[in-house]
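Here's the structure, in structure tokens; my notes come after.
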Amino acid sequence: MTNKKNSFGSKSLREKAEKEAGKNVLTKPFLSEADSLKLIHELEVHQIELEMQNLELLESEERSRKATEKYASLYDFAPMGYFTLDQGCKIKSLNLSGAQMVGRERFLLQNIDFRFFVSTGYKDIFNAFINAVFENDIKQVCKVKLTREDHLSIFVHIEGVVSNEEQDCYLTLMDITKSELAEEKVLKSEMQLRELNATKDKFFSIIAHDLRSPFTAIIGYADLLAEQMDKKDYEGIEEYAEIIRTSSWHAMDFVTNLMEWSRAQTGMMGFNPKIIDITKLINDVLVVINDTAIQKSIDIRVKIVKDFTVSADVSMIKTVLRNLISNALKFTNPGGLIVIEASYSDSVSTVSVADNGIGIQKDTIEKLFRIEESKSTTGTNGEHGTGLGLILCNDFIKKHGGKIWAESDGKKGSRFVFTLPQL
Ligand code: ADP
């Protein structure tokens with residue numbers, strides 16, 4: 001069919017040409033031999049000229065093919081990702097680096113909404129950026145995280161300009177994951193340094209202010225006691241003895257916390273989790289602090305089912321329980337109630353210590369576990385503290401992969417809860 005058409009086409013052209021030539025032959029006079037030779041020569045020159053022009057054309061065609069190839073590979077293999085998006089953010093064209101950045105074959109990306117690859121949490125930034133690109137004539141920039149097809153994430157710096165016809169926009173993407181991660185690392189180590197500095201400040205402030213106070217009371221009242229004993233004046237000595245006793249317990253408690261804290265800070269505290277009976281651990285703690293409960297007439301109820309076990313480091317969880325229960329005692333008025341409970345669900349044990357004491361204000365709750373902000377208030381019997389106990393609890397629970405928090409409506413008591421995942 002094609003051949004027929006071609007032969008017909010060329011045949012008819014040939015016939016037309018011959019007809020034209022025939023017309024000329026009839027209308028024009030015969031040429032002399034010299035003129036004919038001249039004409040033939042001119043025709044030959046013209047033919048050579050045409051052939052040369054043809055060659056030049058072929059060469060320039062080859063040059064332009066090579067240039068197109070060169071620019072196509074420059075476009076495709078540039079380290080930057082290039083995208084052309086329409087106003088609906090649909091991908092109209094892109095280079096290979098762009099496809100690699102989003103982790104999908106280039107041919108599968110045509111007409112896909114670019115925002116599909118923008119990670120959650122960065123979509124608002126990207127939307128504001130793309131709106132600005134279409135609304136302004138000047139280049140816009142933004143920094144977003146992309147979630148690739150394989151769920152890996154990369155950080156990109158994007159520059160965007162609107163096309164001349166204002167129908168599309170051109171985006172240039174630069175992978176800045178390495179520098180972002182390095183920056184993140186710097187920020188993290190800066191935070192660690194800040195925390196270390198706060199730890200150091202806390203340590204010095206504790207040493208300077210808090211360590212002295214129980215000893216001042218102990219020495220002062222011991223002197224008074226000795227003086228009165230000398231004079232055989234026994235009035236009020238029971239009270240002095242009681243103050244000496246509670247101050248000594250407090251000092252002991254405090255020094256224990258301080259020691260454990262410094263061991264934890266210097267990495268000298270080992271972490272040896274094992275399966276333990278939580279009720280037994282609570283009872284061990286209660287033996288030590290029961291005197292205070294009796295003295296303040298506070299009822300402590302342990303509502304835990306028999307043989308309830310958790311996987312935890314014994315000495316760390318003892319410290320946590322000791323702090324939470326002695327805080328509950330400290331901040332509950334005489335005649336109050338403390339309830340200790342435990343439950344288990346989804347491989348996580350939850351332990352809580354609740355009291356019906358003075359409660360904690362909302363703005364204080366958020367600061368309780370942060371060393372930079374923690375502060376201490378006096379107990380219902382004027383008991384002093386350091387604000388170190390909960391910091392220590394937080395450190396130890398975190399080591400177990402658990403969480404600790406406080407609940408209180410600011411008036412009617414507090415509830416401290418911690419979780420321990422099955423290790
Ligand atoms: P300390 O008890 O030595 O001050 P903690 O870190 O154990 O240090 O507690 C910090 C602060 O948290 C306490 O001073 C108090 O203000 C508040 N707090 C802790 N437990 C309770 C509680 N059960 N009821 C009310 N306030 C509490």
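Every number in this text was worked out from the coordinates using simple rules, so none of it is lab data. Since the structure is predicted, the reported quantities are computational estimates derived from the model, not experimental observations. Virtual Cβ from ideal backbone geometry, glycine too; neighbours counted across all protein chains shown.
Across the stretch 298-304, computed HN-Hα scalar couplings (Karplus, 6.51 cos²θ - 1.76 cosθ + 1.60, θ = phi - 60°) run 9, 8, 10, 10, 9, 10, 10 Hz from first to last residue, x flagging Gly and Pro. Using alpha carbons only, the radius of gyration of the stretch 296-423 set against its Kirkwood radius gives Rg/Rh = 0.95. As a ratio to 2.2 N^0.38 Å, the alpha-carbon radius of gyration for the chain is 1.99.
The local environment of residue 397, defined by Cβ-Cβ distances under 15 Å, has a net charge of +3 under the rule Lys, Arg +1 and Asp, Glu -1. Look at 157, 41 and count the other Cβ atoms within 10 Å of each Cβ; fewest to most, that gives 41, 157. The distance between label points at residue 372 and residue 190 comes to 1.1 nm (points 7 Å beyond Cα on the Cα→Cβ vector).
Grab the Cα-Cα distance for residue 105 and residue 238, subtract it from 0.36 nm times how many residues apart they are, and report the gain in nm with one decimal.
Full-extension gain reported as 39.3 nm.
Net length available on complete extension from residue 181 to residue 125 is 18.2 nm, with 0.36 nm assigned per residue and the Cα-Cα distance removed.
Computed from backbone phi, the HN-Hα couplings of the stretch 82-88 come to 10, 10, 10, 10, 8, 5, x Hz, rounded to whole numbers (Karplus: 6.51 cos²θ - 1.76 cosθ + 1.60, θ = phi - 60°; Gly and Pro given as x). Take each complete run of DSSP H in the chain, measure how far its Cα atoms stretch along the helix's own axis, and keep only those covering 20 Å or more with mean Kyte-Doolittle hydropathy at least 0.0; list them. Flagged H segments are 212-230, 278-295, 314-330. Each of 386, 84 was scored by other Cβ atoms within 10 Å of its Cβ. Arranged with the fewest first, they read 84, 386. Cβ crowding within 10 Å ranks 304, 275, 158 as 275, 304, 158, fewest other Cβ atoms first. One quarter of the surface of the convex hull around the alpha-carbon atoms of the stretch 210-269 equals 4.3 nm², the direction-averaged projected area. For labels at residue 90 and residue 305 in the simple 7 Å Cα→Cβ model, what's the distance in nm? Taking the two extended label points, one gets 5.9 nm. Taken over the C-alpha atoms, the stretch 204-356 has Rg and Dmax values of 18.8, 66 angstrom.
Please give the FRET efficiency for residue 45 paired with residue 16, using the beta carbon to beta carbon distance and R0 = 35 Å, rounded to the nearest 0.05. After rounding to 0.05, the efficiency reads 0.85. Given their separation in residues at 0.36 nm each and the Cα-Cα distance between them, residue 422 and residue 228 gain 64.1 nm when the chain is fully extended.
With a simple spin-label model that places each label point 7 Å from the Cα along the Cα-to-Cβ direction, the separation between residue 365 and residue 174 comes to 4.6 nm.
Rounded to two decimals, what ratio of Rg to Rh does the stretch 138-241 give with C-alpha atoms and a Kirkwood Rh? Radius of gyration relative to Kirkwood radius: 1.62. Over all projection directions, the Cα-based convex hull of the stretch 39-103 averages an area of 6.8 nm². Spatially close Lys pairs in the stretch 132-263, defined by Cα atoms under 27 Å apart and a spacing of eight or more places or different chains, total 12.
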